Amino acid sequence: MTSPISALGFMSSFPTSGVGADMSVGTTTAAPAAQAAGGADFASVLASSLDGLQATQSKADGLALQAATGDLKDVHDYMIASNEASLATQMTVAIKNKAVDAFNQIMGMPV
Amino acid sequence: MGVFDTLGISASGLLAHRKWLDAVSDNISNINTATSTSQSAFKERFIEAQAVNYGSGEGGVRVATAQFGSGQGRVVYEPKNPLADKNGYVRYPDIDLGDQMAQLIMAQRGYQANLAVIDRATKTYQAALQLGKG
């Protein structure tokens, strides 16, 4: 997206007759338009972000297990890992909320 | 480069200072360890820290190696000590307790400073995530 109102151009890529008949048409035609404008589409950004979150959380889980079994070498390792996992979760949730908000605003647009 | 790199960089600082604390506690715990003059005295531990090049994508500090002081120590006349040689001398490590206490303070404050950075960074990231919520 290059300009604040480029979402209007994004919307214009919906085929007017296809929206009601086949919902998948809207998404398949919209994705290339988004990619052309701003690089990776939102689904792949969210997927890679979730992968990173998964890795961070499993690292924190592993360290929590080490703390429980007495194998933890450094106390700060676990504290920082859990801190980072918490921050990454907050960030992913914030991004998801923003995206859903944006979607809802567009869907709520009076036509 | 990840999003929350500050945490990892400060973690390396915590690790380096924790190892420094270990070295100081090792030195202080052995400050009265006598050995016979035929053996070397307890060698003082030194931690050699090394900066990790930030351009490498990591940043922070790492403990390159632990160095050891002289095993010469100081020779003390203690004829009653079972370890004493035939002239009545034993060997003690040449560690200055005042110097160790000063290092202890530096290591402790350095550890706390790194924790403070983590605390501030976490609060900063959280503030950034609150953007636009109000």
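Laboratory data are not the source of any read-out in this text; all were calculated from the coordinates shown. Just so it is clear, the structure is predicted and the values come from calculations on it, not from any experiment. No Cβ is skipped: glycine too gets one built from the backbone with ideal geometry, and neighbour counts run over all protein chains shown.
Please give the direction-averaged projected area of the C-alpha convex hull for chain B, in square nanometres with one decimal.
Working: hull surface 42.7 nm².
Over all viewing directions, chain B projects a mean Cα-hull area of 10.7 nm².
Averaged over the residues of peptide A:75-84, the number of Cβ atoms from other protein chains lying within 10 Å of each residue's Cβ is 5. Taken about its Cα centre, chain B carries a charge dipole of roughly 240 debye when the Cβ of each Lys and Arg holds +1 and the Cβ of each Asp and Glu holds -1.
Could you compute the net charge surrounding residue B:74? Neighbours are other residues with a C-beta less than 10 Å from the C-beta of residue B:74; K and R count +1, D and E count -1.
Every neighbour counted, the sum reads 0.
Checking every one of the GluC sites (Glu not before Pro) in region B:42-132 against DSSP loop status and a limit of 15 other Cβ atoms within 10 Å picks out B:58.
Once C-alpha pairs closer than 8 Å and six or more residues apart are averaged by separation and normalised to the residue number of chain B, the relative contact order reads 30 percent. Within the listed set B:83, B:115, B:104, the residue fluctuating most in the Gaussian network model of chain B (springs between alpha-carbon atoms under 10 angstrom) is B:83. Amide hydrogen proximity for residue B:60: with H placed 1.01 Å from N in the peptide plane, the residues at 5 or more positions away or on another chain lying under 5 Å are B:52.
Per-residue Karplus couplings for region A:59-75, computed as 6.51 cos²θ - 1.76 cosθ + 1.60 with θ equal to phi - 60°, are listed in order as 5, 5, 4, x, 5, 5, 5, 4, 5, 5, 8, x, 8, 5, 7, 10, 4 Hz, Gly and Pro entered as x. Short-range pairs are left out: with C-alpha atoms under 8 Å and at least six residues apart, the relative contact order of region B:31-79 is 37 percent. Paramagnetic label reach from residue B:51 (point 7 Å along Cα→Cβ; backbone nitrogen cut-off under 20 Å): within region B:5-20, residues B:5-18, B:20.
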